[in-house]
1. Hey, which aspartates and glutamates would be in cross-link range of K417, C-alpha to C-alpha under 13 Å, not counting anything within fewer than 8 residues on its own chain?
2. Hey, got the dipole for segment 77-165? About the Cα centre, +1 on K and R Cβ, -1 on D and E Cβ, debye to the nearest 20?
3. Work out how much length D348 to K275 would gain on full extension: take 0.36 nm times their residue separation and subtract the Cα-Cα distance, in nm to one decimal.
4. Per residue of segment 199-210, in order, report the coupling 6.51 cos²θ - 1.76 cosθ + 1.60 (Karplus, θ = phi - 60°) as ³J(HN,Hα) in whole Hz, putting x for Gly and Pro.
5. To test your reading of the geometry: what angle, between 0 and 90 degrees and rounded to tens, separates the Cα axis of helix 389-400 from the longest principal axis of the chain?
6. Would you pull out the residues with amide H under 5 Å of F419's amide H, same chain only if 5 or more places away, H placed 1.01 Å from N?
7. Normalised by the number of residues in segment 162-286, what is the relative contact order in percent for Cα pairs under 8 Å and 6+ residues apart?
8. Lysines within cross-link reach of K279: Cα-Cα under 22 Å, excluding same-chain residues under 8 positions apart?
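The values are calculated or read from the model by the stated rules, or taken from the named source; none is laboratory data. Just so we're clear, the structure is a prediction, and the values are computed from it rather than from any experiment. Note that we place each Cβ from the backbone using ideal geometry, even for glycine, and neighbour counts take in every protein chain shown. When the accessible area is computed, the model is the full protein with side chains, heavy atoms only, and any ligands, DNA or RNA have been set aside. Shrake-Rupley method; radii C 1.70, N 1.55, O 1.52, S 1.80 Å.
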Amino acid sequence: MADRKFIETLSTSAEFADVVKRLYGEDKLQYQIKRYQDLYDIHSKKYGENGVFYSSPGRIEVCGNHTDHNNGKVLCASISVDTLACVTPCEGKVIVESIGFSPIEVSLNDFISRKNEEGNAIALVRGILAYFKISGLKIGGFCATTTSDVFRGAGVSSSACFEVLICEILNQMFNGGAVDKFTKAKASHFAETEYFGKPCGLLDQSAISFGGVSYIDFRSTKDPIFKSIDWNFDNLNIVLINTGGDHSDLTDQYASIRLEMEEVAKAMGGKKLRKIKEKDFYEAIPALQQKLSGRAILRAMHFYDENKRVDACAKAVKKSNERKFCEMINASGESSYTMLQNCYPYGDLTQRIPLAINLSKKSDGVKAVRVHGGGFAGTIIAYVEKNKCDAYVDGMRSIFGADSVFVIGVRNDGTTKVF
């Protein structure tokens, strides 16, 4: 627990320096000292001098582009930006005040979902409380003030970050830290789908809850296989570049990937590609091309190959094999470009994602690059040698804007109580 005396000694605390290095990486100490002190000052003026800090990271998709919706495999990771909360107990209600926004308040006796709350943070808090209550877990009141440097628009899941944060506060304050990571992910998923009104899978919440690199096999969506792997590629910086573009008119193009993969499965007597053997699929291509588009067949080919790449990537991370890891990431990017075909919308002449990818390939120090997340408009991810990263970042910022290029690292801790 932090009080004012403790907060005032952060600049000389070896313990805090170790925490910063572990959660946020090198060269972040001064920034985090100010961030923690500023948050404490704001919180303590309103909710009391004694507070507990919690940190919940953003996440990236490492490998497994558009595989989860057909019961595929993914590799994702928590990253070194977070939503940070200072928390004190209170009676009968949960209050969450995110800096810059109006406070939200939820009674501990009211778990009814509301249509008018969909899309708002209050629905997430209410939904998580409801899940804990339904599951026989303990709940209680608290006041939390939060601040976040989880950037928006680059596919790093700020909503899931917030959800798992609320779960971890309830876990530590009222359940003795006994709630397992998968349960926290499921509680967060429940809140987002049933209360917030946004259909989603378990990928985002799981990566944030587990920490490090998470290997997830969605063969069973009710009971997926999770494996957490520490990230030890110390020579690689991760750079996200938001290339720009408007996602508002792209819903049909995102949906077409899932639908076309499922059309292939349906043509072969199944519902999802994962249920169709790869050997049977390839043998059926002569007949499939009479019924389906060539693009649907190519997207199915991507699915089967991408699942293998996820396995290879997971093995490479576990063995700290940088060469193999980068080889698989580049192959994933090429497959997304040529078979999945989600690197630019139909008829788009600006082609920001291909521009960023091909400029990256020509940049010194870039070891691997591919589209990140849904694609069509938005973000790429590049893995860059640390000693050459500054030059790469400067070059990309000159093209895509200073506020569109983010240097991050993988953090091995998921959502956690800090002190």
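1. D82, E168
2. That gives a dipole near 240 debye.
3. Details: separation 73, 0.36 × 73 = 26.28 nm, distance 3.44 nm.
Taking 0.36 nm per residue and subtracting the Cα distance, the gain is 22.8 nm.
4. Each residue of segment 199-210 in turn: x, 7, x, 9, 4, 4, 5, 5, 4, 6, 6, 7 Hz.
5. 80
6. Distant-sequence amide H within range of F419: F53.
7. Details: 89 pairs, mean separation 15.6, N = 125.
This gives 13 percent for segment 162-286.
8. Candidates past the 8-residue exclusion: K73, K266, K271, K291, K308.
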